[in-house]
1. Which whole-Hz couplings ³J(HN,Hα) result when phi for each residue of region A:163-180 is put into the Karplus expression 6.51 cos²θ - 1.76 cosθ + 1.60, θ = phi - 60°, listed in order with x for Gly and Pro?
2. Counting only other chains, and only Cβ atoms inside 10 Å, what mean value do you get across the residues of A:41-49?
3. List the lysines whose Cα sits under 19 Å from the Cα of residue A:18, skipping any in the same chain fewer than 8 residues away.
4. Using bins 10 angstrom wide from zero, how does P(r) for region B:1-142 break down, in % of all Cα pairs?
5. Averaged across orientations, what area in nm² does the convex hull of the alpha carbons in the protein assembly as shown project?
6. What is the fewest-to-most order of A:173, B:46 by other Cβ atoms lying within 10 Å of their Cβ?
7. What ranking do A:62, A:156, B:179, A:83 get, fewest neighbouring Cβ atoms within 10 angstrom at the top?
8. Between residue A:7 and residue B:71, what's the calculated FRET efficiency when r is the beta-carbon distance and R0 is 35 Å? Round to 0.05.
Amino acid sequence: MRVTVIDYKAGNLTSVLKALRHLGAEPVVTDSDLSLIERAERIVLPGVGHFAATERLDRTGMTGAIREAVKRGVPFLGICVGMQWLLEGSEEAPKQPGLGHFIGRCKRFPSGREKVPHVGWSSIETNIVGPTLFRGLKRIEYVYFTHSFYVPYATMIREADGDLQVVDAAQAEYIVPFAAAVEWGNVFGVQFHPEKSGDAGLAVLRNFLTWEGPQC
Amino acid sequence: MLTRRIIACLDVHGGRVVKGVQFVDLVDAGDPAALAARHAREGADEIVLLDITATHEGRQTLLDTVRRTARELFVPFTVGGGIKSAEEAAQVFEAGADKISVNSAALKDPSLISEIGKSFGAQAVVVAIDARRDPEAKDPVRDAQVFVQGGRKPAGRRVVEWAREAEERGAGEILLTSMDSDGTRAGFDCELTAAVSGAVNIPVIASGGAGTVAHFADVFGRGKADAALAASIFHFGVSSARLLKEELVAAGVPVRLPC
């Protein structure tokens, strides 16, 4: 399966590509070629680095292409900053808009009590309704995080009819509770690094790669 | 909940893992790729590979080793030893490292820290510090002397002030080795680790002196370490990270288990 991996020049893609290949996918990387997004079977937006780097997505027209692909139902996975970008923005770069697919803004962990950034393996608790990303996994898993900004707990989407729905698929706590993963329809996001989270992380990626759309 | 990390360290020389006390009497301990995979399988939260020869001729061998080791490794992977420039760091990242560690080169030119961080993110830059307590100093612990060149030469810096500068310049983590404890298996230097960990807002990885489970519990408690690194106790099947973690849980230390 072809997976379009978006490169917005904010860090190293090697680990994500390696994990996707390990799972049998064929990743293709684009840093500007919109046709690779228009023809994408699945899209992964990785990210380690600064939220401001997502400006490249706007400048190259990739933001619009991703928005269209998401509308067409192409499965999309945002990792770390890639998940944060699904919201309207982030305190990290207040002038840089996100995709705005989900409501709200990313915040910085309050300083004082614990070290910021949050680095290491933390436990996450998956949502009781059985999210796609965590199929076959336990309610509590350990995954690897490295971030200073987070997607708030109980992040929501506004549906076409105006209804609000919570999109958290898993939650974690570091200083404050936050969303460790989100999913709604064909749009998925993980704050942790599945490519660095051992067997649990590979299972999350596999669940994304094998998702076939909503089951009735 | 955030857990304390157990990091397995592989000292590599000419493409092979070696073990010796303070870099002498090296014994072959195996293939880096196979050992890294085994440690990850046995519960290590992270793998650090240190090139202890770090010669110019050895660069290509190191990159091959990194590539082979990274191929089937899905936990964080740090590579250090002799990285002198952002270009060399980029090669190591391309070969599959998630983080690089810099030591002597960062002391010589501290702007290297921010330069690497700019391209690869702060989380990818580990500043390694080798320190020895200075009995002559007013505060022998906070003012422990920093050494370069594998501990052979004083760098003219003090451990706490250098760790703070590294953080300001954009280091993502500090890998702190106590030269007094290294190779002794008599326990980590908890005072030294606590002094540095309390002075910075980034994770501190304690290194040097691991010998027993109690040593790890101690450095996570009294030493305020975010992670602890060990090499020798994991080689030759002496102790696996999983066994270590099971005992740490019993001692009340939060770790990733089952793993």
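1. Result, ordered by residue: 5, 9, 9, 6, 10, 4, 9, 7, 10, 9, 9, 8, 6, 10, x, 8, 7, 8 Hz.
2. Mean partner shielding for this stretch: 2.
3. In chain and number order, the partners are A:9, A:196, B:99.
4. 11, 39, 35, 13, 2
5. Result: 21.6 nm².
6. The most exposed by this proxy come first: A:173, B:46.
7. A:156, B:179, A:62, A:83
8. Efficiency for this residue pair is about 0.95.
A short reminder: the numbers here are calculations on the coordinates, not readings from a lab. It should be emphasised that the depicted structure is a prediction, and the values quoted were computed from it without experimental measurement. Please note: Cβ atoms are built from the backbone with ideal geometry, for glycine as well, and neighbour counts cover all protein chains shown.
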